[in-house]
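Everything below concerns the one structure shown next.
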Amino acid sequence: MKTIMRTMLAYALALAAIFGFWYTVGQPRPIPEAELADHHTLQCVSYAPFEKDQSPFDFAKGMTIDPARIDADLAILSTRFSCIRTYSVAGLEALPRYAEKYGMQVLLGAWIGADPKLNQQELTKVVALAKQHPTSVRAVVVGNEVLLRREITGPQLAEYIRQVKTELPGVPVTYADVWEFWLKHPEVAPACDFVTIHILPYWEDNPVGIDQAMGHIKKVREEIGEKIPGKKILIGETGWPSQGRMREGALPSLENQARFIRGFIALAEQEHWQYNLIEAFDQPWKRVKEGAVGGYWGLYSTDRTDKHILSGPVSNFPNWRMLFAQSAAIGLLTLLIARGHGDMGAARWLQFSVAMAGGAILIVLQGHQFAVISRSLWEYAWAFAVLGLSASVWLLALAAIASGEKPGHAGLYAAMDFVRGNVRITREIVFGLLRLGIVTCAMIAALVLLCDARYRSFNNFGFLIPALAYAWFPRNRVLQPSKGQLELLCALLLAFAGLGILVNETPLNLQADVWVTLCLLLSWPLWQDGKGSSLKALLPWAGVAALGVAAALALRHWIFQAESLVDVCASSPNTLICTVRSALGVLVYHQTLGWTSLALAVLALLWQNAMLTALALAMSVASLLLYNADMGAIACVLTILSLAYRSTPRACREK
C-alpha cells in the first residue's frame, strides 16, 4: 500500500507540474489595440486563395480555383478591409467581380519572371481584367520582387510598366519590391505612378526585433520619401510571422505578430500612410522556399480561423489543453518503468517525477514544432528520427533513475563495428547505437545550421533530453590510449560548428544560444572519451575537404552570385556562360549534387574504399555550400564517420 501511495503521489505531482506549465504558457495575454473609430475599415491586405495543400505551382497540373472559395474569403476580409492586393491573375479572374460584390478595391498584380513569353501572357490578362472592372481595380502592380530575385533587369521592368500604362490610361501602375531595391534600381521609379515598398523587419539583412520594429519602419519610410521625391509611397508589404525560427533578435510568435500588426496600424493611421498588410491567410506552400516561417504570415489560418491578430487577447499556445493531454499521456506511459521499482526512496521518486514531467513536456514541445514546420517526406522522416531517439534516451534515463544504476554503453567505434557487421548485438551495443544515432543527427543538424541556416529551425527541445542525459551518464568503459578517434572527431565537429553558428546568428538569437549550448553539452562527454587519441591520420583528408570547399565557393562567387553575370543572363539568357549557369542551377535545384554525394558516402561507408571516400568528402562539403545542404550534411557526416572508423586500428577495442 505504501508503494502504491508513493507512486500515486509522485505521478500526481508530475501531472500537476505538467498542467501548470501548459496552463501558464497557454493563457491569452492582452495586447494594446489601435484606437480607431467605430466601423473603421483597415486599408489593404495581401490575398491568395490557396488552401492547405494547394500552391500556385499546381496551376501547371490543371488546378483551378473554385469561385466559391474567393466569394467566401472576401466575405471574411470585407468585414475588416476595404482593399485586397493580389500577385498574379492566374486563377483569380473572378476576383474583381467578387470585390465589386463586397464593395472592395483591388491592387491587381501581374506576376513577372524570367520568361518573356509568360510575362506577356500575364500582362495581357491583367490589362483585360482592369478594363473589364474599372470600378474595383484601384491600381495595377507589375511584378513583385523580380529585381530581388534577379530574374530581369531594371530597364526591362521599366519597359513592362510603360507597356501597361500605355494600354491602361488613367489606371495607376506601380511595381513592388523590398525598399532597398528601389534605391539599387533608380530607373524604375520614374516609370511608375507611385512607389510600392516592402518593409519586413524580420527579413532584413540585419533583422530587427519586435521592440525596434516600428522605429525601423518609420525610418525606412522617411528615407524612401527623401530619396525618391515627388512620388506617393505605398507600403506594399509589412507584417510579422507567427511561427518559425528566430533571426537574431526577431522572434516569430502569435503574440509578436499581434504586437507588430496592431502597432503598425496605429502608426500608419497616425502618419496617414497608405499600406497593405501581409497577409490574409497562412500559405503553407511558401514553406518549401522560405522554411517554416514562410507559411505563417496570415491574419487567419489556412482553414480561415481567426488568429486574433487584429483584436483580443492572444496566446502563443491556443491549443494548450490538447498539448497538456499529450504530455500527460506520454508521462503515464512511464508507469511501465515505475511499477517495477516501487521501492524507490523519496529522493529517487522526486528525481524520477521531475525527469518524467520535464521529458514529457519537451517531447510534446518538439512534436508541436515538427507539426508546425514539417511539410515534405524528408522533414517528417527527420521529425520521426529526432523524436524517436530523444524519447528512447529519455526512457533509458528514467530506467536508470528508477533502478539506481546508470547504463553502460559501447563506444562509437563498437557501434560502427556492428553497422559493418563485425560484432554481435548486445545490450551495450544497442545503447551504443542509440548514442551514435544522437551524435549523427546532432552533427547533421549543426552542419546544416552552419552552412544554410536562413530557413532552418532549431530543434532545441528534441536534443535537450539527450544532451542532459549523456552529460549525466557515466563515461564509457576505459578506452585504450590509441582508441577514441571517432569520439574526438565528433566532439570537435560539434563544438566548432556550434561556435560557428553563434558567430553567424549573433548572441541576440536566443534559440541559437540554446543550440550552441546543446552542441557543447553533447561534445563534452565525447571529448572526455576521446582524450589521448590522435587525429594525425586524418590530416591528409583535410586537403580533400578544402578542395571541395574551394570549388563550391568559386562556383557560388563566379557563377551564381556575380552581379555582372546576373545582369548579363537576365538580358541575354542564351549566351554560353548563361546556359552553363542555368544547367548548374537546375542540378542544384533538383538536389542532384546532394543525392550524388550521399550515394558516394553510403558506398564509401560500406566498402571502405579510399577513392570513393575522397569523392564523397569533396562532393559532400561542396553540396553543403551549394544549396544542397540536407543531403550534403548527411553525406558529410557519414563520410566523417567512415574516415574516423578507418583510421582506428582494429585491435583497439574496449576492454
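Counting Lys +1, Arg +1, Asp -1, Glu -1, what net charge surrounds residue 162 among other residues with beta carbon under 12 Å of its beta carbon? Before the final figure, lay out each step's value.
Numbers: positive: 165; negative: 159, 167, 187, 193.
Summing Lys/Arg as +1 and Asp/Glu as -1 gives -3.
For segment 497-655, calculate the relative contact order in percent as a whole number, restricting contacts to Cα pairs under 8 Å that are 6 or more residues apart.
21 percent
Using only Cα atoms and rounding to the nearest 10 degrees, what angle (0 to 90) does helix 592-607 make with the longest principal axis of the chain?
So the inclination is approximately 10 degrees.
Just to confirm the number: angle between the C-alpha axis of helix 254-271 and the first principal axis of the chain, 0 to 90 degrees, nearest 10?
30 degrees
Which of the residue pairs 125/307; 286/307; 125/165 have a Cα-Cα distance greater than 25 Å in the structure shown?
Distance filter (> 25 Å) returns 125/307.
If packing is taken as the average number of other Cβ atoms within 10 Å across a peptide's residues, how do 24-33, 496-505, 136-145 rank, most packed first?
For the peptides 24-33, 496-505, 136-145, the packing ranking is 136-145, 496-505, 24-33.
Can you give the translational diffusion coefficient of segment 225-310 in µm²/s, computed by Stokes-Einstein from the Kirkwood radius over Cα pairs at 37 °C and 0.692 mPa s?
Numbers: Rh = 13.9 Å.
So the translational diffusion coefficient is about 236 µm²/s.
Name the long-range amide H neighbours of residue 45: under 5 Å, sequence gap of 5 or more, or other chain; modelled H, no Pro or chain starts.
Under 5 Å from the amide H of residue 45: 83, 84, 85, 277.
I'd like to compare 166-173, 558-565: which one has the highest average count of other Cβ atoms within 10 Å, and what's the full order after that?
Details: 166-173: 14.6, 558-565: 12.9.
Output ranking for 166-173, 558-565: 166-173, 558-565.
How far, in degrees from 0 to 90, does helix 67-77 lean away from the longest principal axis of the Cα atoms of the chain, to the nearest 10?
It works out to around 90 degrees.
Over every pair of different alpha-carbon atoms in the chain, take the mean of 1/r and invert it; report that Kirkwood radius in Å. Intermediate results must be reported in sequence, preceding the final value.
On the way: mean 1/r = 0.0361 Å⁻¹.
In the chain this quantity evaluates to 27.7 Å.
Please list log₁₀ I(q)/I(0) at q = 0.16, 0.17, 0.19 Å⁻¹ for segment 484-621, using the Debye equation with identical point scatterers on the alpha-carbon positions.
Each listed q corresponds, in turn, to -1.06, -1.11, -1.18.
Over all distinct Cα pairs, what is the inverse of the mean 1/r for segment 40-295, reported as the Kirkwood hydrodynamic radius in Å? Provide the component values of the computation, followed by the final result.
Values: mean 1/r = 0.0536 Å⁻¹.
Hydrodynamic radius (Kirkwood, Cα pairs) of segment 40-295 is 18.6 Å.
Calculated from DSSP H runs of 4 or more alone, at -39500 (n - 2.57) each and per residue, what is the 222 nm mean residue ellipticity of the chain, nearest 500? Walk me through the intermediate numbers first.
Working: 24 runs with 369 residues, N = 655.
My calculation for the chain gives -18500 deg cm²/dmol from helical runs alone.
If you wrap segment 173-276's Cα atoms in a convex hull and average its projection over all directions, what's the area in nm²?
Details: hull surface 25.5 nm².
That works out to 6.4 nm², a quarter of the Cα hull's surface.
Report the dimensions of segment 320-536 along its three principal axes from the alpha-carbon atoms, largest first, rounded to Å.
Answer, in whole Å and largest first: 51, 42, 32 Å.
Between residue 51 and residue 315, what length comes free when the chain is fully extended (0.36 nm per residue of separation minus the Cα-Cα distance, one decimal in nm)?
On the way: separation 264, 0.36 × 264 = 95.04 nm, distance 2.37 nm.
In short, 92.7 nm is gained.
What span do the alpha-carbon atoms of segment 226-373 cover on each of the three principal axes, reported in whole Å from largest to smallest?
82, 29, 28
Distance between Cα centroids, segment 438-469 to segment 310-362: provide it in whole Å.
23 Å
For segment 320-536, what is the relative contact order in percent, using Cα pairs closer than 8 Å and at least 6 residues apart in sequence?
Working: 237 pairs, mean separation 44.7, N = 217.
Across segment 320-536, relative contact order equals 21 percent.
Less than 13 Å Cβ to Cβ from residue 469, Lys/Arg counted +1 and Asp/Glu -1: what total charge do the surrounding residues give?
Within the 13 Å Cβ shell, the charges total +2.
Pairwise over distinct Cα atoms, reciprocal of the mean inverse distance: report the Kirkwood radius of segment 266-353 in Å, one decimal place.
Numbers: mean 1/r = 0.0567 Å⁻¹.
Over segment 266-353, the inverse of the mean reciprocal pair distance is 17.6 Å.
Along its three principal axes, how long is segment 69-218 when you only count alpha carbons? Whole Å, largest extent first please.
Rounded to whole Å, the extents work out to 42, 37, 25 Å.
State the extension gain, in nm to one decimal, for the chain segment bounded by residue 426 and residue 60, taking 0.36 nm per residue of separation less the distance between their alpha-carbons.
Numbers: separation 366, 0.36 × 366 = 131.76 nm, distance 5.38 nm.
Result for the pair: 126.4 nm of gain on full extension.
Among residues other than residue 259 whose Cβ falls under 11 Å from its Cβ, what is the net charge (Lys/Arg +1, Asp/Glu -1)? Before the final figure, lay out the partial values.
Numbers: positive: 29, 262; negative: 33, 211, 255.
Local charge sum for residue 259: -1.
What FRET efficiency comes out for the pair residue 609/residue 550, r = Cβ-Cβ distance, R0 = 22 Å, nearest 0.05? Mind dumping the intermediate values first?
Numbers: r = 24 Å, r/R0 = 1.07.
The formula returns an efficiency of 0.40 here.
Which value does Rg/Rh take for segment 479-537 over its C-alpha atoms, Rh per Kirkwood?
My calculation of the ratio gives 1.10.
Coordinate-derived values only; no laboratory data. Worth saying up front: this structure is predicted, and the values here are computed from it rather than measured. Glycine also receives a Cβ, built like all others from the backbone with ideal geometry; neighbour counts cover every protein chain displayed.
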